[in-house]
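Laboratory data are not the source of any read-out in this text; all were calculated from the coordinates shown. Keep in mind it's a predicted model, so treat the numbers as computed, not measured. Cβ coordinates were reconstructed from backbone atoms using ideal geometry, including for glycine residues, and neighbour counts include every protein chain displayed.
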Ligand code: KG4
Ligand code: ZN
């Protein structure tokens, strides 16, 4: 186990000599509060989750049809200390066992991010150990490595969530190239907005997936934005508008609206766009594994279609995180933080929360 003196840490500036051999047995306390989940985890050597406590505020926000930022940050304040204590307790650890403290510093709701970030920085300062700020999107990607320890590079990663939709290419783990992103709404955001207009409540993704099982995905021919265009970018706002227009037209005609059919047809359009972009990248880059991450990766229909096409046409495995690591959780932050720890990439205690942090 490596110990860095506080002086060395403060003076670091990237000049500290870091010996990878010394970094065995690293225990990281990770904190995630970017949206409406208060989570803390203890992760050993990046891939072994000793505890992963997630306190969800979903019930609290449900009645408003979405996350209310002010309520979210107040709730995080109430929950952060008990959630951290519980994570340590479940892992059988004490503060003195920790080698570093990590937290998400963006993207997310700034008031929510600040709670976890401040807790982590305070602990790191008090315990005299390194603090590591983690990009939430990178955390989602590392959730895959917790669940699947045999992923081989080069890796293609589709990360689809409430706030982001990105296609990334990892020639080797640790360095990536961004191939494409959403130009407007993220995939999960489109699920949430469409669910709202269909009266299915929040969060929209699981509600749409559930009701879609009773509907016909070919019932309504919604647009597949950018599907044939020469870009890896996505766009989902037009699809959402197409669903709205369809509903308005049906209402004006006093025609019946079959909610399961609308949900299933919308979901199919999203899945077709995502699948086509992944297959296009697989055609153009050497890839050994494809991984899926972010909240939308919980969608079974998406996983099934992607896996079927990848395995059937390209003999490529599709890896997805276990359900527990698909949606927001601190274990994924602890995993991403470990790889930064190995490289000695620590963050200053002045690190600010960044609502719009990009990859
Ligand atoms: O990663 P996540 O928990 O939070 C963000 O970082 O945004 O993702 C939440 C998003 C929400 O938009 C939610 O509707 C969507 O993931 N989601 C799903 C499913 N489960 C969650 N979308 C489609 N199908 C699902 N089963
Ligand atoms: Zn997330």
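Among 289, 96, 212, the residue with the largest mean-square fluctuation in a Gaussian network model of the chain, with springs joining Cα atoms closer than 10 Å, is 96. Packing, taken as the mean count of other beta carbons within 10 Å per residue, orders the peptides 336-345, 81-90 from highest to lowest as 336-345, 81-90. If you take the Cα centroid of segment 85-135 and the Cα centroid of segment 254-306, the two points sit 34 Å apart.
Taken over the Cα atoms of the chain, the convex hull encloses 132 Å³ per residue.
The relative contact order of segment 32-121 comes to 39 percent, based on Cα pairs under 8 Å that sit 6 or more residues apart.
Considering only 236, 131, 226, the mean-square fluctuation computed in a Gaussian network model of the chain, springs between alpha carbons under 10 angstrom, is largest for 226. How many percent of all Cα-Cα pairs in segment 243-348 sit more than 20 Å apart? The share of Cα pairs beyond 20 Å in segment 243-348 comes to 59 percent.
Students often get this wrong: which residues of segment 184-215 have the backbone nitrogen under 13 Å from the point 7 angstrom along Cα-to-C-beta of residue 62? Under 13 Å, as judged by backbone N against the label point of residue 62, lie 200-204, 207 of segment 184-215. Computed on the chain, with alpha-carbon pairs under 8 angstrom and 6+ residues apart, the relative contact order is 24 percent. If you wrap segment 151-320 in the convex hull of its Cα atoms and look at it from every side, the mean projected area works out to 9.3 nm². For the chain, what is the calculated [θ] at 222 nm in deg cm²/dmol (nearest 500), taking -39500 (n - 2.57) for each run of four or more DSSP H residues and dividing by its residue count? Roughly -14000 deg cm²/dmol at 222 nm, from the helical runs in the chain. Rounded to 0.05, the FRET efficiency of the residue 172 and residue 78 pair, given R0 = 35 Å and the Cβ-Cβ distance, is 0.25. With the convex hull drawn over the C-alpha atoms of segment 139-182, the volume per residue is 68 Å³.
Relative to the globular-protein estimate of 2.2 N^0.38 Å, the Cα radius of gyration of segment 107-205 stands at 1.34.
Label point of residue 304 set 7 angstrom out along Cα-Cβ; within segment 206-224, amide nitrogens under 11 Å from it belong to 213-214. Mean-square fluctuation check for the chain, GNM, Cα pairs under 10 Å: which of 207, 126, 40 is largest? Highest fluctuation of the listed residues: 126. For segment 151-320, the relative contact order comes to 28 percent (Cα pairs under 8 Å, sequence separation of at least 6).
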